[in-house]
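The values are calculated or read from the model by the stated rules, or taken from the named source; none is laboratory data. Treat the numbers as computed from the prediction; the structure is a model and nothing was measured. Heads up, the Cβs are rebuilt from the backbone with ideal geometry, glycines too, and the neighbour counts pull from every protein chain shown.
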Amino acid sequence: MTTPPEPPPLPTAQALQLGAHNVQYNFSGGAVPVTWPCRAGVVPPEADCRQSRPADQTLARPSASREGTVAQVVTGMGGVGKTQLVAHLAHDLWRKREVDLLVWITATSRRNLVAGYAEAALRVFGIEEGDVDRAAQRFLTWLAEPHGHRWLIVLDDVSDPADLRYLWPPAEAFGRTVVTSRRRDNALWAGRQLIELTVFRPAEAEVYLKAKLAARPAALDGAADLAAALGHHPLALAQAAAYILDRGPRTSCSAYRKLLTGRRRRLSDLAPDALPDQQGVPMSAIWTLSIEQAARLAPVGLAQPVLELAALLDPNGIPISILTTTSVSAFCAERVDREIDADTIDEALRLLARFNLLSLDDATETAHIHAMVQRAVRETLTPDARRRLSTCLADAVFEQWRTMRRREDAMAANVIALVEATDLDLWDPEGNLHPVLYRTLHRIAGEGEQPSTSFLDHLYRRTVEHVGIDHLSTLRLRIYLAVRRGASGDMSGAVDDFEALVGDCVRTLGQDHDETLNVRRNLGEHKARAGDTIGGIADLEAVLVDCLRIQGADHPNTLGARFNLAKWRGHTGDPLRSAGEFDNLVAALTRELGPDDSNTLAARWNAASFRGMAGEGRPAVEMFTALTRDYVRLAGRNHPVTLEARLELAKWRAVAGDTSDAIADLRALVEDMVRVLGADHAQTRKAQDDLDGLVNSPI
């Protein structure tokens, strides 16, 4: 489109009448010169080392409708670069003379919107209108007129979609409207082009840091790790780079990351004295306004406590069911002094999502929250508030765990995040650790993994500091330390640890204490694993006698000793006897713990395996078929334990002579394992080897 000729200058007058296409505008007041192209408002300068992003291309290609160009709404959490994205577009269109009128309005209130339109009216008409509301409406009416002037209207940082009521610019072929907002209410984007801006991609964040710190290459040490620690957040990266440059040659990305991840510095301590790129607030305060606004909307007052709870959990995925438990409902009810239920908490989560303070994935029933939002929220909490929040969440996870079989990994990840965030506010007045911590350690060990080093070591160190070396909580954690040592390959060292632990338990708790018997059982198990099968079985037989005498047949220690003993008897040459013992154990565990408990399922697994090892291949197939079906129901078809059960089923089908079915099962299994675990995973390679062996075996 060519630039239209400038209209003739308007004469100075006390009253002026302009008309176009039977539409008439009446003005009074002094006239000012009008020049084209013209601008109203101040477009922010482009940020130093600004990165081109995929959203630039999306913004540059607006959608069209029958009425004209569709308004574009750029939404995203605070600090991701929404204003900068649109400012780049505005500068680019102005430099290329592709717009005749550029209007930039900081639309944080309806008053600002009206004032911005009134200023634009002055630039276009050259007449100062005493009534700003009337001037704004005349300007919006003019935008829809076929005057030939190309325009771009930017409404930056809209705080409340209601402020735009009757103030949206029209959709016209020769004009464009772009809105930026931290909110994503339907009223803001319905019928418009929504552009969701997120944080930098890892490569973009590294390129940005390299550009910012180009004058000090040594400062780039650890750049990728720092970018990850900041969650690739653009504003956080900009302020970190400015801090590093201000502090001189001894400060690098690695040094900044060490300050960031330490517990002695707050976010406000890590902001540069002068913020870069004309930023208005430091990272520590970037989300304050959004939080305050959300707290004022329905359900009133609930957004704050729900956000505080989310700030202590895993940013990569929080099962929404954790936040809708009765424990959380009771906590929130106390905070807002009214009755709260799960539906109301869900409303609060939706509200927080509308403000881009977190996001919700309805398909997986998961909430996600940026780590920097979490950090900023946590730093506002008092020690007492943090303790109350952590206790509530520990109760909530424990409440949900048994009903969330498919998501036990997510439960464990959230407990680990909770411990890291709260520095362990999880003891009761007697110094006992919350039971959800032991469940988390059981889960990690149950997957055949070593308990997370940082998690376990942190628990142990802080527990020793809090309650001493001989407290029951400390002794229980020493069990996991010994198990970890054995899992790392040092089985004889694990046996030494358990022997020392037996002595300490006898000394501090007594010979008949539950934990003493539990440690003795673990000692027998690890002796057998270390190669002393006879000694291990002897220890297990002795502890079983004591468990029956002291605790009874249905106690977990008794059932555990029976489990260990049946397993090692089977491995030493009597698999049929072991299969029968596991059959009996399945009945007992089903009665005490339920059919879906992990211990019951493990006993069924062993019963099937030992029956197959005893030469009863067909019953083994039937048992693994039923077991696999239950794992699919409880954990999903692609859960690692389900994949392993499917591998066992295929193996016993081949043993039973069902070669074609076994091959078909293995082909499907290998495909799933490659997708879920990866081609190089040990289980994937095992399944592929089994498949190759069956395919290439002579008929």
Within segment 336-364, the residues that are in contact with a Pro (Cβ under 8 Å, 6 or more places away or on another chain) and among the charged types (D, E, K, R) are Glu347
| message | Any residue that is closer than 23 Å to Ser65 by Cβ, modelled with pLDDT of 95 or more and in contact with a strand residue (DSSP E or B) (Cβ under 9 Å, 6 or more places away or on another chain) - is there at least one of those in segment 119-132? | response | no
Margin query: Can you confirm whether Ala487 is within 32 Å of the chain's Cα centre (by Cα) and under 26 Å from Ala566 (Cβ atoms)?
Written below: yes
- Is it true that Ala241 is in the same structural domain as Leu381 (by TED's automatic domain parsing), assigned to a helix (DSSP H, G or I) and in contact with a helix residue (DSSP H, G or I) (Cβ under 6 Å, 6 or more places away or on another chain)? no
Just one listed residue, out of Ala211, Ala215, Ala173, is part of a loop (DSSP other than H, G, I, E, B) and more than 30 Å from Ile153 (Cβ to Cβ), and it is Ala215
Here the qualifying pairs (Cβ atoms under 7 Å; residues six or more apart or on different chains; first in segment 515-531 and farther than 9 Å from Ala561 by Cβ; second of a type in the set (Phe, Trp, Tyr)) come out as Val519/Phe498; Asn522/Phe498; Leu523/Phe498; His526/Phe498; Ala528/Trp568
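So, in segment 479-499, of the ones that are part of a helix (DSSP H, G or I) and either touching a Cys at 6+ places or on another chain (Cβ under 9 Å) or hydroxyl-bearing (Ser, Thr, Tyr) (or both), which residue ends up farthest from Leu459 (Cα to Cα)?
Ser492
Table: residues versus (1) outside any helix (DSSP H, G or I); (2) surrounded by 15 or more Cβ atoms within 10 Å (Cβ to Cβ); (3) at positive phi; (4) outside the structural domain of Leu237 (by TED's automatic domain parsing).
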residue: Asp277; (1), (2), (3), (4): no, yes, yes, no
residue: Glu292; (1), (2), (3), (4): no, no, no, yes
residue: Pro299; (1), (2), (3), (4): yes, yes, no, yes
residue: Ile340; (1), (2), (3), (4): yes, yes, no, yes
Pairing a residue in segment 356-384 that is not assigned by TED's automatic domain parsing to the domain that holds Glu308 with any residue that is crowded, with 20+ Cβ neighbours inside 10 Å and among the hydroxyl-bearing types (Ser, Thr, Tyr), where Cβ atoms lie under 7 Å and the two sit 6 or more apart in sequence or on different chains, gives none
Within segment 391-417, residues touching a Leu at 6+ places or on another chain (Cβ under 6 Å) and either farther than 23 Å from His639 by Cβ or modelled with pLDDT under 85 (or both) come out as Leu393, Ala394, Arg405
Check: Of the residues that make up segment 302-311, is at least one over 30 Å from Tyr208 (Cα atoms) and in a loop (DSSP other than H, G, I, E, B)?
Finding: yes
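Taking segment 315-329 only, how many residues are in a loop (DSSP other than H, G, I, E, B) and within 11 Å of Leu393 (Cβ to Cβ)?
1
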Residue count, segment 678-699, condition among the small types (Gly, Ala, Ser), part of a loop (DSSP other than H, G, I, E, B) and under 40 Å from the mean Cα position of the chain (by Cα), comes to 2
Picked from segment 279-290 (must be under 16 Å from Leu381 (Cα atoms) and surrounded by 18 or more Cβ atoms within 10 Å (Cβ to Cβ)), the residue modelled with the highest pLDDT is Trp287
Taking segment 566-603 and keeping residues without any contact (Cβ under 8 Å) to a residue 40 or more places away in the chain and within 35 Å of the chain's Cα centre (by Cα) leaves Leu593, Gly594, Pro595, Asp597, Thr600, Leu601, Ala602
Picked from segment 524-577 (must be β-branched (Val, Ile, Thr) and either farther than 17 Å from Ser492 by Cα or modelled with pLDDT under 95 (or both)), the residue surrounded by the fewest Cβ atoms within 10 Å (Cβ to Cβ) is Val545
